[in-house]
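Inspection log for the structure reproduced underneath, given as structure tokens.
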Amino acid sequence: MNTGGGDAPGLNAVIRSVVLSAINQGWEVFGIERGYDGLLAGDGVVRLDRSSVEGITHLGGTILGTTNRGNPLAWPRPLPDGSVEVADRSDEVLAAFRDRGLNALVAIGGDGSLHIASQLSDRGLPVVGVPKTIDNDLAATQVTFGFHTAVQTATDAIDKLHSTARSHERIMVVELMGRHTGWIALFAGISGSADVILIPEIPFRWDSLAESIRAKYERGPAYAVVVVAEGASPEGEDEPVTSSSHLGRGARYHGMGERVADELFRLTGFESRNLVLGHLQRGGQPTAYDRLLALRFGAAAVDLVARGKFGCMVALAPSEILAVPLKEAIATLKVVPRDGDVVTTARQLGISFGD
Ligand code: F6P
């Protein structure tokens, strides 16, 4: 098992769930530290037993460590002349995996890590994916773990900005994570009663943005809260990418919140301030929702391994708000399914129902 990409609240819960569920199958479990680095360097493959995962469900971060620079299929190697060569080390990953006598990999990660897992699967690695990212940008699952906690953290911050914005009659801009998608900004912005939400999916126009702020001041109370996803951009402009200074690391995004605050002051004359919430959104204890989802994903991943369903990712089935006829709605009572995955997860974690 490994964790890759940016950390997210709930990673440790998945790790615990995978370890306990696998041990309950009679298997041995090993954790690869720092993505694939621990395997490639040969110094980071650790045996995980019950005691290694005791008391970690509620902890943020990952006990295995993570990296968003360690793509074994595009491994950057600095050359003596200062240039960088990109190497494919997938054969080394497969060889190290076999040499250690490992039979299956549970890869916990977001978009980038699951791309790596998919390519390694194509090359013969028996892998099962678990969807992680606070950005919630994986289409195949209704939700990724970590997202709910990040939205809660962001909503708490927005709540707090209202009182200071109102006291000073200011525009408070808060920049939230979300490079290509605006899920955190959208959910937290709505929940936190923002006046404006800017997301990458909806390019904005400076004039209509300023107009909506003026209208809010006229309507009163005279202040505004503006939520900006880090990847949001004005119509006709590219995403606000700042290239990375770290070898092997993809582009980073920042600065749009500050720009929005400055421009709004210039266009409206209302004083503005900017807050970048940044990595606070990735930290802290996972909410109960994320813990449960992470534990369910972990147990389900072990189930897929047991059934030999490699090259797959566990996912929560999509659900929409629908119109349900009242008669249908009251026809049956919704009881806890005895064999549903939540009860099964609890059992796999060793929780008793007294039956
Ligand atoms: O976890 C995803 C994400 O939070 C993005 O929204 C953000 O741009 C990125 O990670 C930042 O990652 P880091 O600063 O760790 O490279």
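The values are calculated or read from the model by the stated rules, or taken from the named source; none is laboratory data. For clarity, every value in this text was computed on a predicted model and none was experimentally measured. When the accessible area is computed, the model is the full protein with side chains, heavy atoms only, and any ligands, DNA or RNA have been set aside. Shrake-Rupley method; radii C 1.70, N 1.55, O 1.52, S 1.80 Å.
Across region 292-309, coupling constants 3J(HN,Hα) worked out from phi with the 6.51/-1.76/1.60 Karplus curve, θ = phi - 60°, read 5, 4, 5, 5, 5, 4, x, 5, 5, 5, 5, 4, 5, 4, 4, 8, x, 8 Hz, and Gly and Pro carry x. With both residues required to sit in the chain, DSSP beta bridges show an antiparallel share near 30%.
Using Cα springs under 10 Å in a Gaussian network model of the chain, which residue among Asp135, Asp81, Asp91 shows the largest mean-square fluctuation? The residue that fluctuates most here is Asp81.
List the aspartates and glutamates whose Cα lies under 12 Å from the Cα of Lys327, skipping any in the same chain that are fewer than 8 positions away. Within the straight-line limit of under 12 Å, Lys327 reaches no aspartates and glutamates at all.
Here is how the number arises for the chain: DSSP H runs of 4 or more residues each give -39500 (n - 2.57), the sum is divided by the residue count, and the result at 222 nm is -11500 deg cm²/dmol. Close amide H pairs (under 5 Å, H built 1.01 Å from N) link Ala224 with Arg170, Ile171, Met172, residues at least 5 positions away or on another chain. Taking all protein chains into account, the per residue accessible area for the chain stands at 50 Å² (1.4 Å probe). Under 5 Å between amide hydrogens, built in the peptide plane, is the criterion, and for Phe145 it picks out Thr133 among residues at least 5 positions away or on other chains.
Which of the aspartates and glutamates could a cross-linker bridge to Lys132, judged by Cα under 15 Å and excluding same-chain residues fewer than eight apart? Straight-line reach from Lys132, under 15 Å: Asp7, Asp111, Asp290. Distant-in-sequence amide contacts of Val127, defined by a placed amide H-H separation under 5 Å and a gap of 5 or more residues or a different chain, comprise Leu105, Gly311. Just checking the listed ones, Ala140, Ala165, Ala317: in the Gaussian network model of the chain with Cα springs under 10 Å, the one fluctuating most is Ala317. Comparing Pro318, Pro76, Pro203 in a Gaussian network model of the chain where C-alpha atoms under 10 Å apart are linked, the largest mean-square fluctuation is found at Pro318.
Each residue of region 58-68 was assigned a 3J(HN,Hα) from its phi angle through the Karplus expression (A = 6.51, B = -1.76, C = 1.60, θ = phi - 60°), giving 8, 8, x, x, 9, 5, 8, x, 8, 8, 10 Hz with x at Gly and Pro.
Here the translational diffusion coefficient of the chain follows from Stokes-Einstein with Rh set to the Kirkwood radius across Cα pairs; for 25 °C and 0.890 mPa s it amounts to 111 µm²/s.
Heavy-atom surface analysis with a 1.4 Å probe gives region 127-225 a carbon and sulfur content of 52 percent of its accessible area. The eigenvalues of the Cα gyration tensor, multiplied by 5 and square-rooted, give region 167-280 an equivalent ellipsoid with semi-axes of 25, 14, 13 Å from largest to smallest.
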